[in-house]
Amino acid sequence: MRIALAQINCHIGNLSLNADLIEKNLSRAKESRADLVIFPELAICGYPPMDLLESEEFITNCEKAIADIASRCTGITAIIGGPSRNPSLKGKNLFNSAFVIADGKITDVVHKTLLPTYDVFDEYRYFEPNREFKTIKINQTKIALTICEDIWNEEDDPMYVFSPLEKLKDQGFTMIINIAASPFDYNHREKRISILSRNAIKYNTPLVYVNHTGAQNDLIFDGGSMVMEYSGAVLKELPYFESDLSFFDFNLLTSFPATKPTEKYERIRKALVCGIRDYFQKCGFKNATLGLSGGIDSALVAALATEALGPEHVHPVLMPSAFSSEHSVSDAMELASNLGLNATTIPINKIFDTFIEETKASFRDKPFDLTEENIQSRIRGTILMALANKHGYVLLNTSNKSELAVGYGTLYGDMAGGISVIGDLYKTEVYELCNHLNLKKQIIPKNIITKAPSAELRPGQKDSDSLPDYEILDRLLFMILEQKQGREGLLKYGFDKSLVEKVIQLVNRSEFKRFQFAPILRVSTKAFGSGRRMPLVAKYT
């Protein structure tokens, strides 16, 4: 059987575009004499559709789109993901389904059994789990058709009470097909291949896996669709972060060179560029602005945005104050020159002085403190938002994960923005990614990377005045956030008790700031945002 893997970049809710993508790939697969073409999970509506699924009209239009595609599907079989209605009066109203279409009609519908409801996933909010298990037959091949999570319930880490493949094995399938919406994190490729391989070996059968590519909201999908033989070896692996239609003939079982694994920071670079590009394209935006401070965070965001959007669509602004060092301004200008950006300079000294003069009476001669520091940040945020409003730009936020974790940022100031580009990168990872960008040629000026980080909101300020060294802080934060370690667990690793208690307190007390923050492009296993839900008023350390 000749199979086509259609790795496509859907757009949530854009049913006409998604249907057009499906039909074009279906037509190309048919022209290439494929017997079967496979599309990702919920391809007709995009993933995750979230509360769009609560709209009766939306579901009706999804049904119409699937039926319309089916009516023109002849001479080839297609598998397409989409929502379907639950005919029972009990349970949720919908299933997450895989539609099998051929000969101008829907011939089979298979529902998803295991509904992820953890981290960024919330499928049980909308879908009823499948309870009926059946294989499907395509060209005399008996297939176990599964949907994403259905193959992730491994015996050594059972999240669910049973495995759909175990329910199907007595029916004697000779191929597993899995359609997926599996989001990127920088270690996910290895985890994915391990899971697929273990299933292929366990059931002694070839496995075909088709995933989304492209970014949706804060989630980034890397593709990586693949064909695996019964031994668990990868026979074919599709490109990462690209749409692709690829063919495989199971009668020949020919091995193709797998995609060469890329290292962590190259994966992150590609993911963030994809995230920026798709956020702008899918929201209908073209131009971005950001504050260029001469620091490493804004430098990295400017470089990624330039790659994603092109230099003509990135409009950085320098806003020096009396506390800005001369090298910060020159570093920012050198970066802009390296990237081919036309930077604007708007000094904030006069605005800040006027603000202080006008509030003098209300401040009652209290000394300079965090208040005046935050005023500078909010002046900059106001200028950037004003330029965004005036010119139709989107403000890119430049805060990193370390700062967000401990509240080292100003609401309505440097925490402003429409999308957070590096909010899932710890400060040490920011440095690593900048060094990675500089491997072939210097993009980020050396001085930006080597100088001590500073917000430059008071004379001689350094981040180390308020925070532990980032090497230590980031190790602590990783264990708190990703590994979910508490106070006692952290102390066992030899961290200073007072430091542990201070960092935990900073993380807990900063929740209200993150609650009001921009969506963060997710590249780790535990990003701030939809995948980490903490109560604002909790008192637990």
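Brief remarks on what is shown
- Against the set (1) 74, 54, 46; (2) 83, 51, 48; (3) 95, 58, 38, the structure's computed Cα extents along the principal axes in Å falls on (2).
- Tilt relative to the chain, helix 470-481 - C-alpha long axis, 0 to 90 degrees, to 10: 40 degrees
- Taken about its Cα centre, region 271-373 carries a charge dipole of about 400 debye when Lys and Arg each add +1 at the Cβ and Asp and Glu each add -1 at the Cβ.
- For ARG380, net neighbour charge (Lys/Arg +1, Asp/Glu -1) across residues whose Cβ lies under 13 Å away: -2
- The chain: angle of helix 188-203 to the longest principal axis, Cα-based, in degrees nearest 10: 20 degrees
- Footprinting exposure proxy ranking of LYS502, LYS366, fewest other C-beta atoms within 10 angstrom first, gives LYS366, LYS502.
- Per DSSP, loop GluC sites (Glu not before Pro) in region 84-191 with at most 15 further Cβ within 10 Å: GLU132, GLU154, GLU155
- Full-stretch length increase - ILE356, SER88 - with 0.36 nm per residue and alpha-carbon distance subtracted: 89.9 nm
- If you take the Cα centroid of region 17-58 and the Cα centroid of region 401-416, the two points sit 39 Å apart.
- With contributions of -39500 (n - 2.57) from each DSSP H run of at least four residues, the per-residue ellipticity at 222 nm computed over the chain stands at -11500 deg cm²/dmol.
- Partner lysines whose Cα lies under 23 Å from the Cα of LYS451, excluding those fewer than 8 positions away in the same chain, are identified as LYS401, LYS427, LYS440, LYS441, LYS462.
- The modelled label-to-label distance for the pair SER464/ASN139, using points 7 Å beyond Cα in the direction of Cβ, is 6.4 nm.
- Coil-residue trypsin sites (Lys or Arg not before Pro) of region 346-425, DSSP, other Cβ within 10 Å capped at 10: ARG364
- Region 136-206 and region 459-527: distance between their alpha carbon centers, rounded to Å: 37 Å
- Nonlocal amide H pairs with VAL37, under 5 Å, H built at 1.01 Å: ALA4, THR77, ALA78, ILE79
- In terms of other Cβ atoms within 10 Å, ARG2, ARG533, ARG522 run from fewest to most in the order ARG533, ARG2, ARG522.
- Leading residue at positive end of dipole, the chain (Cβ point charges), from SER231, THR525, LEU292: SER231
- Centroid-to-centroid separation of region 277-296 and region 326-342 [C-alpha atoms, Å]: 17 Å
- The residues CYS434, CYS73, when put in order of fewest to most other Cβ atoms within 10 Å, stand as CYS434, CYS73.
- Per DSSP, loop trypsin sites (Lys or Arg not before Pro) in region 45-112 with at most 11 further Cβ within 10 Å: ARG72, LYS90
- Crossing angle, helix 296-309 versus the chain [Cα axis fit, 0-90 degrees, rounded to tens]: 40 degrees
No lab work stands behind these numbers, since they all come straight from the coordinates. Since we're looking at a predicted model, the values are computed, not measured. FYI the Cβ positions are ideal-geometry reconstructions off the backbone, even for glycines, and counts take in every protein chain you see.
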